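Asks: Mind having a look at this structure? Questions to follow.
Where a number appears in this text, it was derived from the coordinates with a stated rule and is not lab data. Here the structure is a predicted model, which is why all the values come from computation and not from measurement. Ideal geometry is used to build each Cβ from the backbone, glycine not excepted, and the neighbour counts take in all protein chains shown.
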Amino acid sequence: MTGQQRGDAVDPLVSVVVVTYNSGRTVGETLASLVAQTYPDDRYEILVVDGGSDDDTAAVAAEYGAAFHTVDGGTIGACRNRGVEVAAGEYVAFTDSDCAVPATWLRAHVERIADTDDHIAGVGGPNRPFPDDPAFAKLVGSLQGTVFGSGGSPQSHAIDRVREVRSVACCNVLYDAAVFDEHRYDGEINVGEDAEFHFRLSEAGYRFVFDPSIAVSHHLSPDFGSFCKKGRSYGYAMARIQRRHRKVVRWYSALPSLALGGGTAAALADLARRKARYLPLLALAYLLVSGYATAQVYRDRRSPLALLVPVMLAAQYGYYGVGFLEGLTAPDPVPQELP
């Protein structure tokens, strides 16, 4: 398909950036979905930016004719910046190397952003598990669709209307390239780089439009161990970002750590009094929260696996809280001297 004339204007050129690292197993699925877009072939380019893979990621990218750029040892933030540097489009879109996008993905993003005002930095949408993903990954997706499972994050929480938000996930976003004239990702950040970047954009007065109809498929945590590990890494990253800015980036980010501290204090107080006073109240509150989330997940999944939700919520908040405390207390890296 070649460029389509819309009135007196040709469809805007879009640069699609896919950041990879040892993604040979999944990036083919991503690129296959990108080359199958209904958007005109000559009005978008696919740029793969790799952090120094030692698998067949480069060979897979070549199979799909994607331009391949390498940032050896680069963080996700640094790789995203390289993609922005080499992008030629009026818009810059990002998806991840473990995602697949629908055929109408670019068209939907471009049409949505065309109807926005100057204060809109970009458009984003939700990410959902693949239909053939493991049952646990689908359970994670349903849990993230609840307000307690997502922490209110619009890219995960099942929001059913178009609205302005402060941040979206970079596995499903299209930016107005003009934003990058003055703003870039932090090249030192490897996890949470999108949250940090979007925080700075929000401080500068920008917002995003979240459209729940523009969803991508995303391989979510396939097992309990990876689910816990991811929660801990997100907690650590969010704490480091807030230390860097000396500001609260997300007001709810400290709640899991506070809950851990409060639970410990309640247990110690009950032990000191030799009377169960505070812990039963905390347990009741948690049962109400987890019960509500369990009901929502079961309504979505219709599977007895929904009974795992109370354990998953406890693990998610617990590991996130531990990671957040680690991020607050870990020493800052020593700057390396330039040769």
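Asks: Can you give me the P(r) profile for the chain? Cα pairs, bins 20 angstrom wide beginning at 0, each as a whole percent.
Replies: 28, 57, 14, 1
Asks: Can you say what percent of the DSSP beta bridges in the range 1-81, counting only those with both residues inside, are antiparallel? Round to 5.
Replies: 15 percent
Asks: Report the antiparallel proportion of the DSSP beta bridges in the chain as a percent, rounded to a multiple of 5.
Replies: In the chain, approximately 40 percent of DSSP beta bridges are antiparallel ones.
Asks: Among the trypsin sites (Lys or Arg not before Pro) within the range 255-339, which fall in a DSSP loop and have no more than 11 other Cβ atoms within 10 Å of their own Cβ?
Replies: Arg274, Lys275, Arg277, Arg302
Asks: Further, regarding this structure: Give the cross-link partners of Lys230 among the lysines, using a straight C-alpha distance below 27 Å as the criterion and excluding same-chain residues fewer than 8 apart.
Replies: The reachable lysines, counting only those whose Cα sits under 27 Å from Lys230, are Lys138, Lys247.
Asks: Is any residue of the range 293-320 close enough, with backbone N under 14 Å, to a label point placed 7 angstrom from the Cα of Tyr286 along the Cα-Cβ axis, and if so, which?
Replies: 309-320
Asks: Additional query: Just subtract the alpha-carbon distance of Ala58 and Ala276 from 0.36 nm times their residue separation and send over the number in nm, one decimal.
Replies: That pair, Ala58 and Ala276, stretches by 72.5 nm at full extension.
Asks: Amide H of Val173: which non-local residues (sequence gap of 5 or more, or other chain) have their own amide H closer than 5 Å, using H built in the peptide plane?
Replies: Those lying under 5 Å, H to H, from Val173 are Phe94.
Asks: Right, another one. Counting other Cβ atoms within 10 Å, which GluC sites (Glu not before Pro) in the range 161-213 have at most 10 and lie in a DSSP loop?
Replies: Glu182
Asks: Mind running the shape call on the range 1-150? Use the C-alpha gyration tensor, a ≥ b ≥ c as the square roots of the eigenvalues: rounded below 1.5 for a/c, prolate if a/b tops b/c, oblate otherwise.
Replies: The shape class here is oblate.
Asks: Mind pulling the angle between the C-alpha long axis of helix 105-114 and the longest principal axis of the chain? Nearest 10 degrees, somewhere in 0 to 90.
Replies: For 105-114 against the chain, the angle is about 90 degrees.
Asks: With r defined as the distance between the Cβ atoms of Arg299 and Leu255 and R0 fixed at 25 Å, what FRET efficiency is calculated, to the nearest 0.05?
Replies: 0.50
Asks: In nm, to one decimal, how far is the Ala269 label point from the Asp115 one, both placed 7 Å along Cα→Cβ?
Replies: Rounded to a tenth, the inter-label distance reads 5.1 nm.
Asks: Among Leu308, Ala9, Val216, whose Cα projects farthest towards the positive end of the dipole of the chain, with charges put on the beta-carbon of Lys, Arg (+1) and Asp, Glu (-1)?
Replies: Going by the charge dipole, the pick is Leu308.
Asks: Treating only the Cβ atoms of Lys and Arg (+1) and Asp and Glu (-1) as charged, compute the dipole magnitude of the chain about its Cα centre; round to the nearest 20 debye.
Replies: It comes to approximately 2320 debye.
Asks: Same structure again: Rounded to the nearest 10 degrees, what's the angle between the helix 278-301 long axis and the longest principal axis of the chain, both from Cα atoms, 0 to 90?
Replies: That works out to roughly 40 degrees.
Asks: With a ≥ b ≥ c the root eigenvalues of the C-alpha gyration tensor of the range 187-339, is it rounded (a/c under 1.5), prolate (a/b larger than b/c) or oblate?
Replies: Oblate, since a/c reaches 1.5 and b/c is not below a/b.
Asks: With a/c under 1.5 counting as rounded, go ahead and sort the range 242-329 into rounded, prolate or oblate using the C-alpha gyration tensor (a ≥ b ≥ c being the square roots of the eigenvalues; past the cut-off, prolate if a/b is larger than b/c, else oblate).
Replies: oblate
Asks: In addition: Please determine, in degrees from 0 to 90 and to the nearest 10, the orientation of helix 193-203 with respect to the longest principal axis defined by the Cα atoms of the chain, where the helix direction is its Cα long axis.
Replies: With rounding to tens, the tilt is 90 degrees.
Asks: Sort Leu307, Leu34 by Cβ crowding within 10 Å, fewest neighbours at the top.
Replies: Ordered from fewest to most neighbouring Cβ atoms within 10 Å, Leu307, Leu34 come out as Leu307, Leu34.
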